[in-house]
Amino acid sequence: KAGVTQTPRYLIKTRGQQVTLSCSPISGHRSVSWYQQTPGQGLQFLFEYFSETQRNKGNFPGRFSGRQFSNSRSEMNVSTLELGDSALYLCASSWTGGQPWNEQFFGPGTRLTVL
Amino acid sequence: KQEVTQIPAALSVPEGENLVLNCSFTDSAIYNLQWFRQDPGKGLTSLLLIQSSQREQTSGRLNASLDKSSGRSTLYIAASQPGDSATYLCAAPAGNMLTFGGGTRLMVKP
């Protein structure tokens, strides 16, 4: 089975621009979560989607948004980029069938640099 | 609100040593706890998932234990190797999300 894939792997943007990151979960997985990782804050939860619905959202400004498609692929968008948005963005997928929480599998991440 | 702490933050050991990484969490009403490994600039690799009904889980040289009553989990690495050098993270579920500890950065010297 293929793992979680994220594209692009690296991005360089300038302040004020917007960016869209993509995540394809493991086949059969219906839940996709997004996390931001920075040296100062560690790993922080952004949001989680299940069956095209956002089920939970972390404490991030409205500039961060996401969506999930019918094939479970997910995108996250960051508008009006700030220098502080420079981070590794990680996507995780899980099955979440039956039990409230299943094992999470992470992708390789997208390294976003904002200049 | 779930809070997860990992001690120590960094650890340097000679090759061959057995070592223990610690993880503590504040909300013991968890379904499971997951341990991950992260190499520099890379994503997270799932190492072990311990269900709340289990006390231990083993994979090769790795053994993880979970004590919900005390809010603690430990990751035991036997006969450490230079290839084990990485950051190890534990994560506890809180609702539909994972709360991560700050990680333990492990260096195994040849």
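Any read-out appearing in this document is the output of simple, stated calculations on the displayed coordinates, not a laboratory observation. Predicted model only: the values in this text are computed from it and were never measured. Neighbour counts are summed over all protein chains in view; Cβ atoms, including those assigned to glycine, are modelled from backbone coordinates with ideal geometry.
Tabulated data
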{"quantity": "Residue with peak Gaussian network fluctuation, chain A [Cα springs, cutoff 10 Å], from A:Leu81, A:Leu46, A:Leu90", "calculated": "A:Leu81"}
{"quantity": "Unit charges on C-beta of K, R, D, E only; dipole of the protein assembly as shown, Debye", "calculated": "420 debye"}
{"quantity": "GNM result for chain B, Cα springs below 10 Å: residue of B:Leu89, B:Leu66, B:Leu19 fluctuating most strongly", "calculated": "B:Leu19"}
{"quantity": "Counted charge near A:Arg67, where neighbours are those whose Cβ lies closer than 14 Å (Asp, Glu -1; Lys, Arg +1)", "calculated": "0"}
{"quantity": "GluC sites (Glu not before Pro) restricted to DSSP loop in the range B:1-99 with at most 15 other C-beta within 10 Å", "calculated": "B:Glu3, B:Glu15, B:Glu17"}
{"quantity": "Net charge of Cβ neighbours under 11 Å - reference A:Leu90; Lys, Arg +1; Asp, Glu -1", "calculated": "+2"}
{"quantity": "Gaussian network model of chain B, springs between alpha carbon atoms under 10 Å - residue of B:Gly43, B:Gly60, B:Gly71 with greatest fluctuation", "calculated": "B:Gly60"}
{"quantity": "Too-long pairs where the Cα-Cα distance tops 29 Å, listed order kept, from A:Lys57/B:Lys42; B:Lys42/B:Lys109; A:Lys13/B:Lys1; A:Lys57/B:Lys109; A:Lys57/B:Lys68", "calculated": "A:Lys13/B:Lys1; A:Lys57/B:Lys109"}
{"quantity": "At R0 = 30 Å, FRET efficiency that the Cβ-Cβ distance of A:Ala2 and B:Ile7 yields, to 0.05", "calculated": "0.25"}
{"quantity": "Listed residue (A:Val78, A:Gln17, A:Pro39) projecting farthest to the positive dipole end of the range A:2-103, Cβ model", "calculated": "A:Gln17"}
{"quantity": "Charge context of A:Ser31, other residues only, Cβ under 9 angstrom, K/R +1, D/E -1", "calculated": "+1"}
{"quantity": "Rough spin-label spacing in nm, given labels placed 7 Å along Cα→Cβ, for A:Arg9 and A:Ser86", "calculated": "2.1 nm"}
{"quantity": "Label-to-label distance, nm, for residues given as A:Lys57 and B:Asn18 (7 Å Cα→Cβ offset)", "calculated": "5.0 nm"}
